[in-house]
């Protein structure tokens, strides 16, 4: 039974690989949850990533973000913050802000002491989802946010701009990004790839995240996609299968610095008889991706991310 | 004329059981090498190993499947030997490598490297090894008071492991976005293990197995009680130290290659005991066989169940092994 | 003198439990240490067999300091039957007795013909031939004790040290074990050093006695001479009647009244 399904999926994949761009953008539009409406009596109503309707009677003045990446996007939307969660990766503007605990352990007292009127929190993150009732009791607006694709991010960016009364910024920065990206990805190449997370040499394959979306936009096919058993983003994949499928590219995400990890690659992968038989390794297409663009959310540096991949794909055009 | 009872008049039935276990191991290994993502028949498998030197079949079978199965066997052997040794030395059926800090020490170092020094991710195996060994030494030192009794060692191990576990949790709290790297180590598995991994574990398996055979009488004596052992001329303190060091190195070498795999160190020795009894002259060789079979067999299932997606082998071992163990337990009652 | 211990002082956690004890054991004797609970008798036994270390004092085995003799050599001279021991679930009598030869075999544990003969002899001497292949856990208390004695016997030592070998055994098994000990002493000339809880048994079976209380040796010598009404009174807090045991040519006493001391009453108040 599984075999029949797999074969059907393969057939569908083969048929649609030429039109992958159309299908993927259609999928993107369907995935997006947040929509934006403007209501007459100068109230702004938005729908957040949890599908909640949030009403703003005026522009929020004291905003706290419990996630570094969202703070970055908020600033880019012309917004301002009075507090932020403690983290290593904060936008420069936020470094001097009062800290209200860690993302996984927010400090309610510190938050309430700042008297916020809007909380930006992470959707589908239990430690922050459970705080909703406290803030509602204190009449503080809450928007839950998350995005794992370009279009999702655009919707959130549009929402942020709207709340701050900066629709023009969205037109300027957001729309232009979309155009630029379409330009970059106009020329499709057909290639397969494997996306790995660098751990102690186990085959931790990734798929369905921001990086996959970007690479797929260039015509790439993640070799693990057709074998997914659930919507999991990360799975252990058979090294035998990797050798058999011999992907064109192997992309590796790492938490460390690019130079150091690249150095190590020379020693480990090149000398390993299993890995060095792969075409991608032999022809220098075993690529480490910088984490600021490809592990953390690129936000408004999406174009940069696309350009980075574009340069890499260049080698097979 | 007094009838003289002849001690070694016939071969002990346990020798036959050990032979049977080793035959089963060979069979399991052959099956493990014959099945995987690449579907080829057994004749081609052997051709790929012995007669080819390149080509897709050779690449996959010789460079991926063969070393992985061998590494699986050795990880299983090392963990099982470590567990059975600790159970004998501490005279406690609940003893396992986890108890003497191997797991927590190795896990902690893996987390520290993945989270604080991700540039050095390639050092995780070495770090895990050092973390494991130094934690077990620490536990030994803390338990030392004119010698080390089994109970002090166990309590010291529990306390230190809890402390280190808290350390791991602190790291996870302060660096939640970097956790996923360390987590895969904690779950453990044989994904992507190839010849370099084989090279880093086989010396321990070889030395470990040889030492076991040589020292089985000594550990048998420890079973009789410290005082009896002293009375028979055994330097209990020294021997206990040697065994703990030996068990630590065995477990550390396995954990540094395959991550934290529970079950093997604790349950496999008991399964073997139910089959062959607690005389270490037979228990040690049998444990080697059962440990190898367990890991090779469970890794095979982990690989082919949702091929090419692989399940963590620890889950398979728990799901299949625990009921099997319970079944044996009931039968023997 | 086989064992000579001078001025033994033993401490647990810096608390002295045995003070300045002298013990001598001569070849062919049966020496028993008796005393109330907590008197330190087991502690002395453990020190003499190097299970625990002494804070002060020297112990000599055949004239040489025991600290300087290798563990292996000591095990060829002294065999121990301690109180705390484990019985592995599936050892049978033969497997256990084999280990008695451990001090004499190399690390591989290979048994020579002589070793096997000694094992056979030990099993026979303790009357365990019938139980050779029986699992230890399936034996009665007395039988199991005899199996352990067989192991000590197989060590073929000049001295066997036993710590309360009759405690927890049924009456008949107690008799069984003590008679075996007596026989070993007589027929094989094995020197015995033991701790017994039952004073009458101690009187009946010992060449000499050491009576300990609160870590000190209070009395030592011939059982006839030192077990007196006064001793029973002072050390064991009983008044007793003495009778002659014609069969065993010794004394036998029966306590009839508890004797509370004035200083005891003061402690309670």
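The values are calculated or read from the model by the stated rules, or taken from the named source; none is laboratory data. On a predicted model such as this, the values are computed, not experimentally measured, just so you know. Because the Cβ atoms are built from the backbone with ideal geometry, glycine has one as well, and the counts that use them run over all protein chains shown.
Being modelled with pLDDT of 90 or more and surrounded by 20 or more Cβ atoms within 10 Å (Cβ to Cβ) is a property that residue B:231 has. Listed by position, the helices (runs of 4 or more DSSP H) inside the range A:256-304 whose residues that are closer than 23 Å to residue B:178 by Cβ and modelled with pLDDT under 80 number at least 1 are A:258-271. Of all residues in the range C:1-49, those satisfying the criterion of being at pLDDT below 90, in a loop (DSSP other than H, G, I, E, B) and under 24 Å from residue C:184 (Cα atoms) are C:1, C:2, C:49. Looking only at residues that are more than 15 Å from the chain's Cα centre (by Cα), more than 21 Å from residue C:93 (Cα to Cα) and in contact (Cβ under 8 Å) with a residue 60 or more places away in the chain in the range C:154-190, which one is nearest to the other protein chains (Cβ to nearest Cβ)? It comes out as C:188. For the range A:92-102, the count of residues that are modelled with pLDDT of 90 or more, under 29 Å from residue A:232 (Cβ atoms) and outside the structural domain of residue A:294 (by TED's automatic domain parsing) is zero.
Among the residues of the range B:99-118, what is the count of those that are surrounded by fewer than 23 Cβ atoms within 10 Å (Cβ to Cβ) and in a helix (DSSP H, G or I)?
Step one: list which residues in the range B:99-118 are surrounded by fewer than 23 Cβ atoms within 10 Å (Cβ to Cβ), which gives B:112, B:115-118.
When the remaining residues are screened for being in a helix (DSSP H, G or I), the result is B:112, B:115-116, B:118.
Number of matching residues: 4.
Scanning the range A:305-317 for residues that are more than 30 Å from residue A:156 (Cα to Cα) and part of a helix (DSSP H, G or I) yields A:314, A:315, A:316. Scanning the range C:223-238 for residues that are within 21 Å of the chain's Cα centre (by Cα) and surrounded by fewer than 15 Cβ atoms within 10 Å (Cβ to Cβ) yields one hit, C:224. Using the structure shown, decide if residue B:290 is within 11 Å of another protein chain (Cβ to nearest Cβ), in a helix (DSSP H, G or I), touching a helix residue (DSSP H, G or I) at 6+ places or on another chain (Cβ under 8 Å) and in contact (Cβ under 8 Å) with a residue 12 or more places away in the chain. So residue B:290 does not fit the description; no. Just one of the numbered conditions (1) modelled with pLDDT of 90 or more; (2) touching a strand residue (DSSP E or B) at 6+ places or on another chain (Cβ under 9 Å); (3) assigned by TED's automatic domain parsing to the domain that holds residue A:124 is not true of residue A:157: (2).
With away from chain C (no Cβ under 14 Å), modelled with pLDDT under 90 and in contact with a strand residue (DSSP E or B) (Cβ under 9 Å, 6 or more places away or on another chain) as the only criterion, which of B:189, B:182 stands out? Write out each step before concluding.
On the way: B:182 fails: in contact with a strand residue (DSSP E or B) (Cβ under 9 Å, 6 or more places away or on another chain).
Only one candidate passes the filter, namely B:189.
When you check residue B:126 against the structure, is it more than 30 Å from residue A:255 (Cβ to Cβ), out of contact with any helix residue (DSSP H, G or I) (no Cβ under 6 Å at 6 or more places or on another chain) and within 14 Å of another protein chain (Cβ to nearest Cβ), yes or no? It is false that residue B:126 is more than 30 Å from residue A:255 (Cβ to Cβ), out of contact with any helix residue (DSSP H, G or I) (no Cβ under 6 Å at 6 or more places or on another chain) and within 14 Å of another protein chain (Cβ to nearest Cβ). Residue B:143 falls short on exactly one of the conditions (1) surrounded by 21 or more Cβ atoms within 10 Å (Cβ to Cβ); (2) touching a residue at least 60 places away in the same chain (Cβ under 8 Å), and that condition is (2). Regarding residue A:316, is this residue more than 9 Å from every other protein chain (Cβ to nearest Cβ) and touching a strand residue (DSSP E or B) at 6+ places or on another chain (Cβ under 7 Å)? Judged against the criteria, residue A:316 is a match. Looking at the range A:170-245, the strands (runs of 3 or more DSSP E) lying wholly inside it that each contain 2 or more residues that are within 14 Å of chain B (Cβ to nearest Cβ) and either surrounded by fewer than 17 Cβ atoms within 10 Å (Cβ to Cβ) or under 19 Å from the mean Cα position of the chain (by Cα) (or both) sit at A:191-197, A:204-206, A:234-237. Within the range A:250-262, the set of residues being closer than 15 Å to residue A:196 by Cβ and either touching a helix residue (DSSP H, G or I) at 6+ places or on another chain (Cβ under 6 Å) or within 7 Å of chain B (Cβ to nearest Cβ) (or both) comprises A:250, A:253, A:254, A:255, A:256, A:261.
Among the residues making up the range C:76-96, those that are more than 7 Å from chain B (Cβ to nearest Cβ), within 18 Å of residue C:119 (Cβ to Cβ) and assigned to a helix (DSSP H, G or I) are C:76, C:93, C:96. Within the range B:66-87, residues that are within 14 Å of chain A (Cβ to nearest Cβ) and surrounded by fewer than 24 Cβ atoms within 10 Å (Cβ to Cβ) reach partners that are modelled with pLDDT under 95 and outside any helix (DSSP H, G or I) with beta carbons closer than 7 Å, at six or more positions or on different chains, in the pairs B:67/B:193; B:67/B:194. Screening the candidates B:134, B:104 for the property of being under 25 Å from residue B:199 (Cα atoms), away from chain A (no Cβ under 14 Å) and either touching a residue at least 40 places away in the same chain (Cβ under 8 Å) or in contact with a helix residue (DSSP H, G or I) (Cβ under 6 Å, 6 or more places away or on another chain) (or both) yields one hit, B:104.
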